[in-house]
């Protein structure tokens, strides 16, 4: 895979929503409705995709294809690591895991 810089932004409105762009601060390829729902993008980091054979939560070839065809890639993390850690601890103590609704009340 040739060298490709990737620019990652997090959502100001939505937790665990990330937008990957092919060009820094270039949101012209992102649909307006998606950008409005995403909120103001906050720059998070930049990396060279060609230097990574694997990435956490993203398939590098899927990311490369999306950036080549659409100019952006949206990642939504459905699980929060802290929620998982809490439930793992509960299971270790013999307690039942909490549902997402119950976790929101904690």
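The values are calculated or read from the model by the stated rules, or taken from the named source; none is laboratory data. Keep in mind that this is a model prediction, so the values were computed, not measured. No Cβ is skipped: glycine too gets one built from the backbone with ideal geometry, and neighbour counts run over all protein chains shown.
The condition of being at pLDDT 95 or above and in contact with a helix residue (DSSP H, G or I) (Cβ under 7 Å, 6 or more places away or on another chain) holds for only one of 9, 20, that being 20. Under the condition of being at negative phi, in contact (Cβ under 8 Å) with a residue 12 or more places away in the chain and surrounded by 11 or more Cβ atoms within 10 Å (Cβ to Cβ), the residues counted in the range 14-41 number 17. Of the residues making up the range 49-79, those that are farther than 30 Å from residue 101 by Cα, in contact (Cβ under 8 Å) with a residue 24 or more places away in the chain and part of a loop (DSSP other than H, G, I, E, B) number 2. Considering only the range 35-46, I want to know if a residue exists there that is part of a loop (DSSP other than H, G, I, E, B), modelled with pLDDT of 95 or more and within 13 Å of the chain's Cα centre (by Cα). Checking the range 35-46: at least one residue is part of a loop (DSSP other than H, G, I, E, B), modelled with pLDDT of 95 or more and within 13 Å of the chain's Cα centre (by Cα). When each of 95, 85 is tested for being assigned to a helix (DSSP H, G or I), over 13 Å from the mean Cα position of the chain (by Cα), farther than 15 Å from residue 4 by Cβ and at pLDDT below 95, the lone residue that passes is 85. When residues in the range 1-41 are screened for being within 18 Å of residue 57 (Cα to Cα) and out of contact with any strand residue (DSSP E or B) (no Cβ under 9 Å at 6 or more places or on another chain), 1 of them pass.
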